[in-house]
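Colleague: Have a look at this one.
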Amino acid sequence: VIDLRSDTVTRPSAQMRAAMSAAEVGDDVYGEDPTVRALEEEVAGLLGKPAAVFVPSGTMGNLIGCLVAIGSANTLSTEVWAHSASHVVGHEQGAVSVLGRAFVHTFGGTTGLPDLAPLEQRVAGSGDIHRATPRLLCLENTIGDLGGRVLPPIEPVVEFAHRSGISVHLDGARLWNAAAATGRTPASLAFGADTVSTCFSKGLGAPVGSTMTGDVASIEAGRRLRKLLGGGMRQAGVIAAGALYALRHNRERLVDDHARAKRLAAGIAELPGFTADEPDTNIVIAHVPGRAAELVDAWRSAGLLVGAMGPDQIRLVVHLEIDDAAIDNALVVISGASRRS
Ligand SMILES: *Cc1c(COP(=O)(O)O)cnc(C)c1O
């Protein structure tokens, strides 16, 4: 079976499991797990931030990042800006609103960054008693539901946000992919963001784990919030070791996933009845108007697992268990299905 549903389906390698089994551990709720601390320091360093806190999931990392910003507002009615295709908006059960009691104002567009004009207008009108106070801008790099797109440089948006008293949270679940695709460092891509979440269980292939990074005060507040949310973990070094292994060994190879995704997209685009966007990173979006469900079923019977994104699009995600032969075989399945119909 070729599983292209997500880059979360990878299993830890023998070497990663060995690193996990050898991990030094302690009670991390007491701050005594040396492996968790090493991971937090390493990620903070990579992102150019003073501190980090290890959390069980990217969802919790995003929630904590958002809650830290919302909680520091001196008003009860806050507004969070996020892309309509972002993970925070589409895949987290609205947690920012449910638990952060914030109003989420979405923006659209194909780049992943907001147009500044409407945001400027909103800020200019925030003295109006009818309005919530813009407090936080959430960005996502890469932006998964736009096909793993790399964001354009965030500096102008961050500069505007900070000038306007708005914090910036960067959802960097796939920031490692953005770094590999652009040749920029994670720190330069995260520059200016107040808080950044990252994942180790996506392209990097660890079984569990994410971090939230930021300045010392944000991370202290975040550590308290993690406990409130039930995310305080005890001998978490066992999983942190998998994350550390992933960070040290599986970042450079992401360019291979990207090259394979490009080849897969080009192969799909050559088939009659299909178009596919040229991917920036490891996610291929194939356009199959009205046929997504039917094709997902047909390919599953032929041993290829993919995901439908609505009726018109199919998502295929390349990851570290997918080699060149798997791409060839996937293209055989896809071309076979297209010939039958
Ligand atoms: C997967 C993902 C998350 C959340 O990660 P989980 O660990 O599954 O909670 C957040 N943001 C983006 C962009 C993601 O792709």
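The values are calculated or read from the model by the stated rules, or taken from the named source; none is laboratory data. None of these values were measured; they are calculated from a predicted model. Heads up, the Cβs are rebuilt from the backbone with ideal geometry, glycines too, and the neighbour counts pull from every protein chain shown. Keep in mind that these areas ignore ligands, DNA and RNA; they rest on the heavy atoms of the full protein, side chains included. Shrake-Rupley method; radii C 1.70, N 1.55, O 1.52, S 1.80 Å.
Colleague: Sort out which residues of the stretch 4-60 are of a type in the set (S, T, N, Q) and within 16 Å of the ligand (Cβ to nearest atom), and write them in order of number.
Modeller: 6, 8, 10, 57, 59
Colleague: Give me the pairs: first residue in the stretch 139-153 and within 14 Å of residue 285 (Cα to Cα) and open to solvent by 10 Å² or more (accessible area, probe 1.4 Å), second residue within 9 Å of the ligand (Cβ to nearest atom) and of a type in the set (Val, Ile, Thr), beta-carbon distance under 7 Å, and six or more apart or on different chains, which are they?
Modeller: 149/142; 149/143
Colleague: Take the residues in the stretch 195-241 that are among the β-branched types (Val, Ile, Thr), closer than 25 Å to residue 15 by Cβ and part of a helix (DSSP H, G or I); name whichever of them is farthest from the ligand (Cβ to nearest atom).
Modeller: 238
Colleague: Of the numbered conditions (1) over 18 Å from the mean Cα position of the chain (by Cα); (2) within 16 Å of the ligand (Cβ to nearest atom); (3) farther than 22 Å from residue 233 by Cα; (4) not basic (Lys, Arg), residue 106 fails exactly one; give the number of that condition.
Modeller: Failed condition: (1).
Quick grid of which residues meet (1) of a type in the set (Ser, Thr, Tyr); (2) in contact with a strand residue (DSSP E or B) (Cβ under 7 Å, 6 or more places away or on another chain); (3) within 29 Å of residue 186 (Cα to Cα):
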site: 280; (1), (2), (3): no, yes, yes
site: 288; (1), (2), (3): no, yes, no
site: 300; (1), (2), (3): no, no, no
site: 319; (1), (2), (3): no, no, yes
site: 326; (1), (2), (3): no, yes, no
site: 329; (1), (2), (3): no, yes, no
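Colleague: Taking the criterion of being within 24 Å of residue 230 (Cβ to Cβ), modelled with pLDDT of 95 or more and in contact with a helix residue (DSSP H, G or I) (Cβ under 7 Å, 6 or more places away or on another chain), would at least one residue in the stretch 101-121 satisfy it?
Modeller: Yes: the stretch 101-121 contains one or more residues that are within 24 Å of residue 230 (Cβ to Cβ), modelled with pLDDT of 95 or more and in contact with a helix residue (DSSP H, G or I) (Cβ under 7 Å, 6 or more places away or on another chain).
Colleague: Given the residues 302, 293, 325, 298, which is the only one that is free of Cβ contacts under 8 Å to residues at least 12 places away in the same chain and open to solvent by 20 Å² or more (accessible area, probe 1.4 Å)?
Modeller: Within the list 302, 293, 325, 298, the selection yields 325.
Colleague: Say we look at the stretch 161-170 and pick out the residues that are touching a helix residue (DSSP H, G or I) at 6+ places or on another chain (Cβ under 6 Å) and open to solvent by 10 Å² or more (accessible area, probe 1.4 Å); which of these is farthest from the ligand (Cβ to nearest atom)?
Modeller: Here the answer is 164.
Colleague: Okay, next question. Of all residues being open to solvent by less than 10 Å² (accessible area, probe 1.4 Å) and either β-branched (Val, Ile, Thr) or within 12 Å of the ligand (Cβ to nearest atom) (or both) in the stretch 67-82, which is farthest from residue 187 (Cα to Cα)? Just the residue, please.
Modeller: 78
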